[in-house]
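Inspection log for the structure reproduced underneath, given as structure tokens.
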Amino acid sequence: MRFYPLFFRAAFSWMDAERAHRIGFGAIRAVHTCGLGRLLARYTAPSPSLRTEALGLVFPSPFGLAAGFDKEGRGIEALAELGFGHIEVGTITGQAQPGNPQPRLFRLIEDRAVVNRMGFNNDGAAAVAPRIAAARAALEARYGAARPVIGVNIGKTRAVELEDAVEDYRVSARELAPVADYLVVNVSSPNTPGLRLLQSVETLRPLLAAVREESEAAAGRRVPLLVKIAPDLSDADVDDVARLALEMGLDGIIATNTTISREGLASPADAVEAAGAGGLSGAPLKRRALEVLRRLRAAVGDRLTLVAVGGVETAEDVRERLDAGATLVQGYTAFLYEGPFWAAAVNRGLAHTVAPARSR
Ligand SMILES: Cc1cc2nc3c(=O)[nH]c(=O)nc-3n(C[C@H](O)[C@H](O)[C@H](O)COP(=O)(O)O)c2cc1C
């Protein structure tokens, strides 16, 4: 019998999901702040056999934490102590914004899923950058070259018109590229009106070119650049993004974000309806996320890093993504259900089952 799922039911399942997240994340940070995290890290550190080279970086494990958990870079060191090989911070926008009205995060427990319409709540690129810089310096001092990697995911400020999106992404790139190990252009959240229209090749090309130009000028080095796409793109659109990424010499693609589909759920229809609009994540996303990953790998061959995300719950799921062509794998929703030792358990399982991916 596993302890955390029982604890989850008793302590968290009755509570508003965003409040439970705040309390859980607060506890994880407190464990770090009081120094217990160092002890914990002895138990959670990934086996050296999992070390993975990708994007010109060394990752302690191919398995990392997807964007959205630590939106403002407040717990990077604490999350690293739980065993994640990378932590993708964000989505961060050019300007600070409160996100959508609460409640905006809902569990569908029968489906091991959540629906969220957070809407990029964050305190803006200029405020987040110094936090990431400090965490990066601390990780370097403590872990040296094989430190956990910090990805930075940027998106559009809601109040900025779609026509002005490029300038808004430029602001974020300027502030954040200097502190990022890799940078992700998020054009796939369903919770910022119009954002996903930026996935069309005609709008994506100038956006990515601007972010690359701005990030390299600000950082004074080549910052690996990836784009994160939605599972709801048609297969033809997935192929278009793959072609564009190759043509522009991007470093990788992250697939996938949450879905607006509600197909095939086990949860009662009234619970699904009560959750309302937003992106669905967790186990129901698995099939389509895997399909998109396979399609991308077939399209790009060995030329890009592919980061698989969507419905990953176990070491076996991670292995399946690596076998399907992923170089790195991420998860979020299962962390909410499985608890703080999730990454360590996945890494332990992986160390027994997987030869780590090598730079692709
Ligand atoms: C509450 C919540 C907030 C999220 N916020 C972001 C975000 O700000 N930016 C982003 O790119 N993805 C965000 N995501 C999507 C995740 O990074 C991931 O792509 C998606 O949840 C699928 O993975 P999972 O099934 O392991 O959760 C969020 C997901 C959840 C559940």
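The values are calculated or read from the model by the stated rules, or taken from the named source; none is laboratory data. Only a predicted model underlies this, so the values are computations on that prediction, with no experimental measurement involved. Using ideal geometry, Cβ is built from the backbone for each residue, glycine included, and neighbour counts are taken over all protein chains shown.
Data overview
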| item | result |
| --- | --- |
| Residue ID - surrounded by the fewest Cβ atoms within 10 Å (Cβ to Cβ), chosen from residues in the range 56-82 that are within 15 Å of the chain's Cα centre (by Cα) and at positive phi | Gly68 |
| Flag if Pro130 is more than 23 Å from Arg321 (Cα to Cα) and within 14 Å of the ligand (Cβ to nearest atom) | no |
| Given (1) under 23 Å from Val227 (Cα atoms); (2) away from the ligand (no atom under 14 Å from the Cβ), index of the condition Val312 fails | (2) |
| Set Ala289, Ala344: member being in a helix (DSSP H, G or I) and under 14 Å from Ala255 (Cα atoms) | Ala289 |
| Any pair with Cβ under 7 angstrom, 6 or more apart, that starts in the range 133-154 at a residue that is closer than 12 Å to Phe59 by Cα and ends at one that is away from the ligand (no atom under 16 Å from the Cβ) and among the aliphatic types (A, V, I, L, M) | Ala145/Val58; Ala146/Val58; Arg147/Leu139; Pro148/Ala80; Pro148/Leu139; Val149/Leu57; Ile150/Ala135 |
| Filter result for Leu250 (more than 11 Å from the ligand (Cβ to nearest atom), farther than 28 Å from Pro206 by Cα, surrounded by 21 or more Cβ atoms within 10 Å (Cβ to Cβ) and not charged (D, E, K, R)) | no |
| Residue tally, condition surrounded by fewer than 19 Cβ atoms within 10 Å (Cβ to Cβ) and either at pLDDT 95 or above or within 16 Å of the ligand (Cβ to nearest atom) (or both), over the range 160-173 | 1 |
| Where a residue in the range 303-331 is more than 20 Å from Asn153 (Cβ to Cβ) and its partner, wherever it lies, is within 14 Å of the ligand (Cβ to nearest atom) and of a type in the set (Asp, Glu), with Cβ under 8 Å and at least six apart | Glu313/Glu338 |
| Yes/no for Ile76 being of a type outside the set (S, T, N, Q) and more than 12 Å from the ligand (Cβ to nearest atom) | yes |
| Some residue of the range 148-157 being modelled with pLDDT of 95 or more, away from the ligand (no atom under 16 Å from the Cβ) and out of contact with any Lys or Arg (no Cβ under 9 Å at 6 or more places or on another chain) | yes |
| Number of positions in the range 272-295 that are charged (D, E, K, R) and within 9 Å of the ligand (Cβ to nearest atom) | 1 |
| Pair list, Cβ under 6 Å, 6 or more apart: the range 190-203 residue under 14 Å from Phe120 (Cα atoms), other residue at pLDDT below 80 and among the aromatic types (Phe, Trp, Tyr) | none |
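Yes or no, residue by residue, for (1) in contact with a Cys (Cβ under 7 Å, 6 or more places away or on another chain); (2) in a helix (DSSP H, G or I); (3) modelled with pLDDT of 95 or more:
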position	(1), (2), (3)
Leu293	no, yes, yes
Ala299	no, yes, yes
Val307	no, no, yes
Glu313	no, no, yes
Asp317	no, yes, yes
Glu320	no, yes, yes
Leu336	no, yes, no
His352	no, yes, no
